[in-house]
Amino acid sequence: MVVSCALLAGCSAAGEQFDPPASTGEVLTGAGGGSASGGWASSSGLPDDPGEVGGGWPSGKLGPPYPIVLAHGFFGFEDFAGAGYVSYFYNLKETLAESGETIFTPSVDPFNSSEVRGAQLLARIEQILDATGHEKVNIIAHSQGGLDARVVAHDRPDLVASIVTVATPHLGSKVADVALELVAHERLQDILDDLINAIGAPLYDQIGNETSVFAALEQFSTPGIAEFNARFTDAPGVFYASFGGRTNRARGGRDCTTLTPAPFVAQFDDGLDPVHPLLSLTETLLDGGIGESFPNDGLVRARDARWGDFWGCIPADHFDEIGQLFGQSPGDGNPWLYIDFYRSVIARLRQEGF
């Protein structure tokens, strides 16, 4: 059961209000980049003058191009077990920084509701903006990170220019419904939460005593996500776009059809992704079996990942979408290149003026 919950690398729920942490070095994890993309023109990593790069904004802060925040999903991390080299978005921050982009990968509680995690993410974004002098950020989020990002935009739309989500369960996940049915007894849920804390504490320095796998699963359930969506509506002035994933050699079909496809996704239209063995069971659960097939990435159906401008489906399972496990190939015959994908997403945001 612990393994099953760990595989839900992208789900979450609603919880208690989080008190923003004191300013620490770990909050601004993963900063990288140069003057080409964030105006980091001085050796301190901050612009010498607010009007020097990005133009003088009415607020007195820097305008676009805005810094990029990569928001991780459920079971996410910035530095796994203190290894110093294994991050959730595998090798992505470093590679994008080499191209001159200003990238942040802030950590939030790996197991909790998006209300709690969203408050944590907001606190970190506020510190990022204080440090860079920018008015807003662009958030590119994987899985549950997309729900966290929507909480941030709902509560502080003035700080967010855009949100692009990849395989976020905006309409929930059947996997969560099944998991909750399997462990319906509240006492069993408490025991599993305690076990996750015991296992997770040595791996995540940000994990706390209040972390809860089931707070997340309840949010991804059918009633939980309906409540979340009713509460955290889209904010006017914030741009929203999304991608779904397709694996098990699925071609997509109508669930991946869109009137606003991203041109850089078309190059992967003929790509077929073999599902990772760790996701084969959940992929089968989501696929629907005999009859109509539902394209999914092993944890989230494409139809449930659609939000805002839907930019299409990518041939990747839930691990491939972030370069995991540990940067391994997406599979034989699959041309999918996750780093090129994120480069293209950022380029598209820049074209849109963000």
Open item on the list: Just the residues that are open to solvent by 10 Å² or more (accessible area, probe 1.4 Å) and on the phi > 0 side of the Ramachandran plot, please, taken from region 307-321.
Closed with: G308
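A quick yes/no check of all residues on (1) out of contact with any Leu (no Cβ under 9 Å at 6 or more places or on another chain); (2) over 30 Å from D155 (Cβ atoms); (3) in contact (Cβ under 8 Å) with a residue 60 or more places away in the chain:
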site: S242; (1), (2), (3): yes, no, yes
site: A250; (1), (2), (3): no, yes, no
site: G253; (1), (2), (3): yes, yes, no
site: P277; (1), (2), (3): yes, yes, no
site: W307; (1), (2), (3): no, no, yes
site: W311; (1), (2), (3): yes, no, yes
site: H318; (1), (2), (3): no, no, yes
site: G327; (1), (2), (3): yes, yes, yes
site: L337; (1), (2), (3): yes, yes, no
- [ ] Could you run through region 218-277 and say how many residues are touching a Gly at 6+ places or on another chain (Cβ under 6 Å), open to solvent by 80 Å² or more (accessible area, probe 1.4 Å) and under 22 Å from L349 (Cα atoms)?
- [x] 0
Open item on the list: Regarding region 286-306, can at least one residue be identified that is buried (at least 17 other Cβ atoms within 10 Å of the Cβ), β-branched (V, I, T) and more than 17 Å from V265 (Cα to Cα)?
Closed with: yes
Task: Scope region 119-155; condition open to solvent by 10 Å² or more (accessible area, probe 1.4 Å) and either without any contact (Cβ under 8 Å) to a residue 12 or more places away in the chain or in contact with a helix residue (DSSP H, G or I) (Cβ under 6 Å, 6 or more places away or on another chain) (or both); matching residues - done: L122, D130, K136
Task: Those residues of region 101-118 which are farther than 30 Å from F214 by Cβ and open to solvent by less than 10 Å² (accessible area, probe 1.4 Å), in sequence order - done: T102, I103
- [ ] Name, by its number, the condition in (1) more than 20 Å from the chain's Cα centre (by Cα); (2) at pLDDT below 90; (3) not small (G, A, S) that does not hold for T282.
- [x] (1)
Task: Residue tally, condition in a helix (DSSP H, G or I), surrounded by 15 or more Cβ atoms within 10 Å (Cβ to Cβ) and among the small types (G, A, S), over region 322-354 - done: 1
TODO: Look through region 163-190, keep the residues that are surrounded by fewer than 24 Cβ atoms within 10 Å (Cβ to Cβ) and not in a helix (DSSP H, G or I), and return whichever of them is modelled with the lowest pLDDT.
DONE: H185
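The values are calculated or read from the model by the stated rules, or taken from the named source; none is laboratory data. Bear in mind the structure is a predicted one, so any value in this text is a computation, not a measurement. In this analysis, Cβ positions are derived from the backbone assuming ideal geometry, glycine residues included, and neighbour counts consider all displayed protein chains. Heavy atoms of the whole protein, side chains included, go into the accessibility calculation; ligands, DNA and RNA do not. Shrake-Rupley method; radii C 1.70, N 1.55, O 1.52, S 1.80 Å.
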